[in-house]
Structures are given as structure tokens and as C-alpha cells.
1. Return the residues of the range 80-94 that are at negative phi and of a type outside the set (Ser, Thr, Tyr); say none if nothing qualifies.
2. Are any residues in the range 191-221 among the charged types (D, E, K, R) and touching a strand residue (DSSP E or B) at 6+ places or on another chain (Cβ under 9 Å), and if so, which ones?
3. Counting just the residues of the range 42-88 that are farther than 23 Å from Asn12 by Cβ and touching a residue at least 40 places away in the same chain (Cβ under 8 Å), which one comes out nearest to the chain's Cα centre (by Cα)?
4. With respect to the numbered conditions (1) closer than 16 Å to Asp217 by Cα; (2) surrounded by fewer than 17 Cβ atoms within 10 Å (Cβ to Cβ), which one is the sole condition not fulfilled by Val21?
5. I'd like the full set of residues that are under 19 Å from Gln118 (Cα atoms) and either in contact (Cβ under 8 Å) with a residue 12 or more places away in the chain or part of a loop (DSSP other than H, G, I, E, B) (or both), limited to the range 178-205.
6. Residues that are modelled with pLDDT of 95 or more and farther than 27 Å from Tyr65 by Cβ: which helices (runs of 4 or more DSSP H) entirely in the range 88-177 hold 2 or more of them?
Amino acid sequence: MENKFNLTREQNVFIAKRNIVDYIWKSANLEGIGVTYPETQAIYDGGIVNGLTVDNIIAINNLKYAWQFILENDDINYDFNFLTHLHKLTCDKLVLDNNLGRLRTTPVNIGGTTWKPQFPIESQIKEELAALLNQPEKTKTEIAIEAMLWIMRRQMFIDGNKRVGMLFANKIMIDNGCGIITISQENQPAFYEKLIKFYETGDESALKNWIYQTSIDGLELNNKN
């Protein structure tokens, strides 16, 4: 699985900033947060939006702060502490404080399937994450997609796992100039269909290849001097 884009970090950050409201809007809808693009833009700009729940507005602002964090910091280790920090950023004021940035201790149900994820154990999470990231034979794009899917299926947090997974993956993508992973509105039903199959079987190959083919955004730039 080759890198689709070979950008500098600065170029990738530029692309992300230019399209950040679109990425936030799509990510929010992927988690069932029903906001329109104009509403997302208004919230991002600090405006007042009528007709939305307080939680929806908080969720959009949290995604804004999380995106700003990964774009403004280029010296972060892709480790357990970063994972938990992303959860704090994305779920602040949306989950109880004793669940914020902490591994869940209660069972969760997944819509569309009877499959239930195992309880997360910190030592196992750290080992699995380290092994996932230490694959020198794979490109950063492939590692990023695998990390995203692992976080989503592991369901280590009480809420926000898809948001955390996509942000974690995009941190890897951006730092290595590989573009942006983003699921378009029209592709979200297909994504969920494949995600449920992945949850139930543990076989990521079909979903990983589909994301690679349909859901990486970037720009062909001439990096020659």
C-alpha cells in the first residue's frame, strides 16, 4: 500500500487548514452528530447557531480544538498518552469527568450488531499500539489506516472512539505528508456497512483497502526546487 501523497508536513498542514471545516463536518456526521456544513462553519467561527443541542455545539468545538492541537504540534509521540489526550479534547463536557481520557470500565453496545468489544486493559493497549506502529515494512499511510481501525474496533473509551481514531490516524498522515483521511457524506453508509463486518470478523482488509481507495484527500504538488 503506497503513500498516495508525498508532501512536506508544511504542505499537508496547509491543505488541512484550508479544508478543516469540511473535515470537522464529515467527522461529526460520522459519529451521528447531525449538523450541516453551514452550521459547522458558523460554530467554528464562534457564531451563534439556533436549533442545535448544546452537546452538538460542544462536539464541534471540541473537534476544532483537537484539530488545532494536531496541526500545531509536530513533536508528539504516537503513544497511549496521546490517545488519552485526544479523548479529553474530543469528549470534554460530553462524558462524565471520571470517563474523560480513561479506558472504559463498563460494557458498550454497538449499533447494527450484537458483537461486543472486550474490555480494554492498559498494558494490552500499550503493547498492541506499539506493535502496530512498529511495522517498518509498511508505509505510514497503511499504518495510519490500521491504527484508526484498531482504535475504532477496540472501543477503549466510553464514547468518541471513531473521532479519536480518525484524529490519531490523521496526526500520522499529516506529520508524514501523506494527506488526510476523511469519509465523504455519500460514502458514509458504505463505510458503516464495512465497519460492522470488520467489528464482527476482525478482518480489516476490505475496509482498509476501501478507505485507501476512496477516503484519502490531498493535493499533487511539485516539491522540486
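The values are calculated or read from the model by the stated rules, or taken from the named source; none is laboratory data. Small disclaimer: the values here were computed from a predicted structure and weren't measured. So basically every Cβ, Gly included, is an ideal-geometry build from the backbone, and we count neighbours across all protein chains shown.
1. Here is the first cut: in the range 80-94, the residues at negative phi are 80-92, 94.
Passing the criteria: Phe80, Asn81, Phe82, Leu83, His85, Leu86, His87, Lys88, Leu89, Cys91, Asp92, Leu94.
2. Passing the criteria: only Asp217.
3. That would be His87.
4. (2)
5. Step one: of the range 178-205, the residues under 19 Å from Gln118 (Cα atoms) are 195-204.
Correct list: Leu195, Ile196, Phe198, Tyr199, Glu200, Gly202, Asp203, Glu204.
6. Numbers: elements: 122-133, 140-154, 161-175.
The qualifying helices (runs of 4 or more DSSP H) are 122-133.
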